[in-house]
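Quick notes on the structure that follows.
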């Protein structure tokens, strides 16, 4: 059976799901959840993905994300590979960690973004163990559950830096505090029920969550692509413009006054300029870290990762360096 189409474009919003292989446990201890969250934080930063909501349970997880660069494939490959490798060696679990490809349905419209966020946050009380629990017990579970973004949505003291809470404004209240109170009521209204509007939308399409017009638009564009492409695969709307690594290297050298050949030689003589060139090649050129490393004179697999980690450390305390990287990325993205 062909795998589902993966639709991606700059600014796309997705409800992402991952499940353990054969529905097996993927988070065996609190340390596993913490490790996944560390890797999620890193992937969000590296791929410039915006996280709106998340919930992790022992054998599956949900994310609501936006991809300004249209790079959901790279983001999820980075995240799933990193955690899969960790679990394999930490827990001595050979074989696949996740069941097939991740799910990624497009989400369209403010109303459905709110509904999907509620669906994600309600997951801790949708498990079999909570079926017989009272409404008050389920509400307590929601508020106490540690591996969910719900806490920051309803309590300003529990805000997480990696979560963007912009959709709270849709509660249409005069202050953030009142918006959080309204969002709590919005979620708790379904603690013992099921959202019929969202259920219908989720069941109507394996590609999109939204109203009938949004789903029809997505399916219409899919039909056109099928006729032209004739095979299953990823669809990028619009097609991504990935600069060549030579273009990135030359641009960085020109902007920072570095020598192109010095950037490509093994070693650290080119300093920060080389780190920036490596970082931008990894982000923009669609190449693996190994491929990027070879272009910059490295033979080992870990050199590029070390250079990128060092750059992140430097940027943490240098606002000017962060602005410089952002300016160069935008210039290269615009072609």
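The values are calculated or read from the model by the stated rules, or taken from the named source; none is laboratory data. Remember, predicted model here, so these are calculated numbers, not experimental data. Here Cβ is always computed from backbone atoms with ideal geometry, including for glycine, and neighbour counts include all displayed protein chains.
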Determine whether residue 184 is surrounded by 11 or more Cβ atoms within 10 Å (Cβ to Cβ), assigned by TED's automatic domain parsing to the domain that holds residue 121, under 27 Å from residue 141 (Cα atoms) and without any contact (Cβ under 8 Å) to a residue 12 or more places away in the chain.
no
Any hit, the range 284-291, residues being free of Cβ contacts under 8 Å to residues at least 60 places away in the same chain and over 19 Å from residue 82 (Cα atoms):
yes
Scan of the range 50-97 for residues that are modelled with pLDDT under 85, surrounded by 16 or more Cβ atoms within 10 Å (Cβ to Cβ) and more than 15 Å from residue 25 (Cβ to Cβ), ordered by number
80, 82
Is it the case that residue 207 is at pLDDT 90 or above, surrounded by 15 or more Cβ atoms within 10 Å (Cβ to Cβ), within 22 Å of residue 124 (Cα to Cα) and in the same structural domain as residue 134 (by TED's automatic domain parsing)?
no
Residue under question is residue 108, and the condition is that it be at pLDDT below 95, more than 22 Å from residue 43 (Cα to Cα) and under 18 Å from the mean Cα position of the chain (by Cα); does it hold?
yes
So which of 166, 129, 173 ends up being within 25 Å of residue 66 (Cα to Cα), surrounded by fewer than 14 Cβ atoms within 10 Å (Cβ to Cβ), out of contact with any strand residue (DSSP E or B) (no Cβ under 6 Å at 6 or more places or on another chain) and modelled with pLDDT under 95?
166
Condition (residue is closer than 19 Å to residue 125 by Cα and in a loop (DSSP other than H, G, I, E, B)) applied to the range 55-73: is it met by at least one residue?
yes
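Here is a yes/no grid of residues against (1) free of Cβ contacts under 8 Å to residues at least 40 places away in the same chain; (2) under 12 Å from residue 52 (Cα atoms):
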site: 121; (1), (2): no, yes
site: 124; (1), (2): no, no
site: 127; (1), (2): no, no
site: 139; (1), (2): no, no
site: 144; (1), (2): yes, no
site: 151; (1), (2): yes, no
site: 157; (1), (2): yes, no
site: 167; (1), (2): no, yes
site: 173; (1), (2): yes, no
Residue 255 exposed (fewer than 14 other Cβ atoms within 10 Å of the Cβ) and assigned to a helix (DSSP H, G or I):
no
State all residues of the range 297-310 that are under 21 Å from the mean Cα position of the chain (by Cα) and either farther than 20 Å from residue 266 by Cβ or without any contact (Cβ under 8 Å) to a residue 40 or more places away in the chain (or both); if no residue qualifies, say none.
305, 309
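Conditions tested, residue by residue: (1) modelled with pLDDT under 80; (2) part of a helix (DSSP H, G or I); (3) surrounded by 14 or more Cβ atoms within 10 Å (Cβ to Cβ).
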position	(1), (2), (3)
268	yes, no, no
275	no, yes, yes
278	no, yes, yes
281	no, yes, yes
287	yes, no, yes
291	no, yes, yes
299	yes, no, no
308	no, yes, yes
311	no, yes, yes
